[in-house]
Amino acid sequence: MILKDCIKVLEAQVAVSVPDLEMDIQVACGADLMSDVMAFACASNEMLLTGLVNPQAIRTAEMMDVKVVVFVRGKQPGEAVLELARQMGICVLTTPLPMFTACGVLYSHGVLGKGG
Amino acid sequence: MTFSIDGSDFIHAGEASSGAKKALTKLGVKAPVVKRAAIAMYEAELNTVIHAGGGSAEVDIYPDHVLIRVTDHGPGIPDVRLAMQEGWSTAPEAAREMGFGAGMGLPNIKKQSDELLIETEPGRGTTVTIRINFTV
Ligand SMILES: Nc1ncnc2c1ncn2[C@@H]1O[C@H](COP(=O)(O)OP(=O)(O)OP(=O)(O)O)[C@@H](O)[C@H]1O
Ligand SMILES: [Mg+2]
């Protein structure tokens, strides 16, 4: 699913944009503990959904080459988070949807988890 | 390359790993290998911040591998076998609220690295040495 369409189905606001809103999102993962996210590392992790709103969510995305971070349940990232994401060229979205629903919506549109 | 790791807050945690990741990328190391090194080093870096009040990291790049050595002078790890188990964590509640304490850091390092050495002495500190080979 291309990023632009992910934004639509997630009813998301774009907090930090990136030039390539047409990038294809094939694999996503959702977790609040960062080591659980990193345990999930595979060849292509394009999107991370999390309720953890702090700079470490962006750092984790950076280490894993994740291109898009989605903050769920309407949580608003602070300026430190946004600034780091801008530096790293990571797209940041905020969605009012809770974690389960946000993941479910993406999954039903063909975005997979690791291992299908 | 030497990095110091500030243990006073979580804001800066990851800067050393970020610097090392950039350096490896610049040297032309392949992205999947850089990713393994970055994840392993970041977990080790976070551990010094969460459990040991910070420390330092030494990254040495060789033609076919990189050695990452993360050192702290914290409390040490009393039982390394236990610490290596998935899910084992003594992270304080404050760290959990920051997104840590899954007890997956050391298992993740093990998974990403070609060799892992943990030297630790109670009351004196811990050195984690990670080797990542460049051949996939
Ligand atoms: N540098 C260190 N100094 C002292 N104790 C450590 C250090 N690194 C790890 N430990 C001990 O080993 C345990 C397991 O570490 P591990 O990195 O696997 O999990 P964690 O740090 O607790 O949580 P997570 O990494 O998933 O956020 C820690 O909870 C802690 O008790
Ligand atoms: Mg850890």
Q | Charge dipole (segment A:3-108, unit charges on Cβ, about Cα centre) - positive-most of A:Val66, A:Ala102, A:Ala28 | A | A:Ala102
Q: Once you've got the GNM for chain B with C-alpha springs shorter than 10 Å, pick whichever of B:Ile61, B:Ile11, B:Ile77 has the biggest mean-square fluctuation.
A: B:Ile11
**Q.** log₁₀ of I(q)/I(0) at q = 0.09, 0.14 Å⁻¹ - the protein assembly as shown, Debye sum with one point per alpha carbon
**A.** -0.37, -0.90
Q: First compute the accessible area of the protein assembly as shown with a 1.4 Å probe, then give the percent of it belonging to carbon and sulfur atoms.
A: 55
(Q) Compute a Gaussian network model of chain B, connecting alpha carbons closer than 10 Å, and tell me which residue from B:Ile118, B:Ile68, B:Ile109 fluctuates the most. (A) B:Ile118
(Q) What does the C-alpha gyration tensor say about the overall shape of segment B:14-136? Classify as rounded when a/c is under 1.5, otherwise prolate if a/b is larger than b/c, or oblate. (A) prolate
Q: Name the most mobile residue of A:Val68, A:Val92, A:Val105, meaning the one with the largest mean-square fluctuation, in a Gaussian network model of chain A with Cα contacts below 10 Å.
A: A:Val105
Q) segment A:4-39: which residues show an accessible-area loss of 20 Å² or more, assembly versus chain alone, 1.4 Å probe? A) A:Leu33, A:Met34, A:Ser35, A:Asp36, A:Met38, A:Ala39
Q: Would you rank A:Phe71, B:Phe134 by solvent-accessible area, highest first, keeping every protein chain in place and using a 1.4 Å probe?
A: B:Phe134, A:Phe71
Q: Let me know the charge dipole size of the protein assembly as shown about its Cα centre in debye, to the nearest 20, where only the beta-carbon of Lys, Arg (+1) and Asp, Glu (-1) is charged.
A: 420
Q | Cα long-axis angle, helix B:31-52 against chain B (0 to 90 degrees, to the nearest 10) | A | 20
Q) Rounded, prolate or oblate: which fits segment A:3-108 when a ≥ b ≥ c are the square roots of the eigenvalues of the alpha-carbon gyration tensor, with rounded for a/c under 1.5 and prolate only if a/b beats b/c? A) rounded
Q. Can you list the lysines whose alpha carbon sits under 23 Å from that of B:Lys30, skipping same-chain ones fewer than 8 residues off?
A. A:Lys67, A:Lys114, B:Lys21, B:Lys22, B:Lys110, B:Lys111
Q: Please give the per residue accessible area of chain A, computed with a probe of 1.4 Å over protein heavy atoms only, in Å².
A: 41
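The values are calculated or read from the model by the stated rules, or taken from the named source; none is laboratory data. The model shown is predicted, which means the values in this text are computed figures rather than measured ones. Glycine gets a Cβ as well: all are built from the backbone with ideal geometry, and neighbour counts include every protein chain shown. These accessible areas exclude ligands, DNA and RNA; they are computed on the full protein's heavy atoms, side chains included. Shrake-Rupley method; radii C 1.70, N 1.55, O 1.52, S 1.80 Å.
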